[in-house]
Amino acid sequence: MRISNSRVTATEVARKAGVSQPTVSLVLSRNPKARVAPATRARVLKIAQELGYRPNRLAQGLVRRRSYALGVIVPGFDNPVYAAVISGAEKVAAQAGYAVLLCEAKGSEVVQHLEALRDRQIDGVIIAGIAASTLPAAALDGLNVVLVNQPSEKFSTVGSDSLKAGTIAAEHLLALGHRRLAFLGPADAIPAFRLRERGFFQALRGAGVPLSSELIQRAAATVAGGLAGMRALLALSERPTAVFCANDLMALGAHKACSVAGVGLPRDLSLLGCDDIEMAQLVTPELSTIAVPARELGARAVRLLLKQIDAHGALPPASQLLAVKLVARGTTGQHAPAQPR
């Protein structure tokens, strides 16, 4: 590849390839419907790579009325799940020639970010970890939007099977012989958490296993929240023998609470998280969890968003649901009933 401070033009590529400049433009647009002979297409792409051709996105944007930029809004960058979603999104966006603008938003900041992105004539927005149903309708009107991990009839969505994640969690713990199970999750309206909780509760009811209110602990979806929630569960006169946490951050806090209290995992209590973040394998024993394909969620969200952009809003909302799976490690084990004294 040629390295130069000057930008190679489509005209230069056309001259060396022996074709017209419009033909080069058709090939370099990557439009699969462009009527260009395969041999010609291959020759143009080869020469463009040799010359180090890079498209002028500003010029293309003026012609096509696009900014070639996408917005991604998440509630925080400290959660590894959102970092993975962003990573998957950025990779696909870059391959398509799009820049990604990242927004960390909480509460009313979401609307402010949407207004700022709209002012910059953003081509589309991906929203993850924030319930779109809580936003004013006007904030999203006229935007190409894809939601991550939340159902919607109005917007396209890409999600992991959160309901199934809760079901798998319950089935795993029940199969290990546990009957006094607890749930540790946040009280907010994030759909993924609500669906995980629902799947867990439904599976327990289906198995005829009761879940009393004292075994449902609400806390922030953070390590600190998991620590506080598990301390409350361990303070019960009759402790649970297994706990399912709505995400791995809470489960890591719960893991710490057990360690401090001298509660052995999984000897005295089984602990199960959800997400399969990298830190789940950095504790001892390693955290059992439900794996969620976070990077793939981001990648698919961008692909779906680009289709919407190319269709100029003519596509109906689409929905994609990705599978989740159990990753059994060291914090879940067979329930051992207490021996009579």
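The values are calculated or read from the model by the stated rules, or taken from the named source; none is laboratory data. Note that the structure is a prediction, hence the values are computed from the model and not measured. So basically every Cβ, Gly included, is an ideal-geometry build from the backbone, and we count neighbours across all protein chains shown.
Assigned by TED's automatic domain parsing to the domain that holds LEU215, among the hydroxyl-bearing types (Ser, Thr, Tyr) and farther than 24 Å from LEU163 by Cα - does that describe any residue in the range 249-261?
Checking the range 249-261: at least one residue is assigned by TED's automatic domain parsing to the domain that holds LEU215, among the hydroxyl-bearing types (Ser, Thr, Tyr) and farther than 24 Å from LEU163 by Cα.
The selection criterion, being in contact with a strand residue (DSSP E or B) (Cβ under 7 Å, 6 or more places away or on another chain), more than 17 Å from GLU171 (Cα to Cα) and not aromatic (Phe, Trp, Tyr), does not hold for ALA221.
Looking only at helices (runs of 4 or more DSSP H) that lie completely in the range 1-92, which have at least 1 residues being out of contact with any Gly (no Cβ under 9 Å at 6 or more places or on another chain) and at pLDDT 75 or above?
Answer list for the range 1-92: 10-17, 21-28, 38-51.
Selection of strands (runs of 3 or more DSSP E) fully inside the range 183-294 by the criterion of at least 3 residues being within 16 Å of LYS325 (Cα to Cα) returns 289-291. Beta carbons closer than 6 Å, at least 6 apart along the sequence or on distinct chains, pair a first residue in the range 18-43 that is outside the structural domain of TYR98 (by TED's automatic domain parsing) with a second that is at pLDDT 80 or above and not in a helix (DSSP H, G or I) for LEU26/VAL36; VAL27/VAL36.
For residues that are part of a loop (DSSP other than H, G, I, E, B) and of a type in the set (A, V, I, L, M, F, W, C), scanning just the range 105-144, find the one that is surrounded by the most Cβ atoms within 10 Å (Cβ to Cβ). Going through the qualifying residues, I end up with ILE130.
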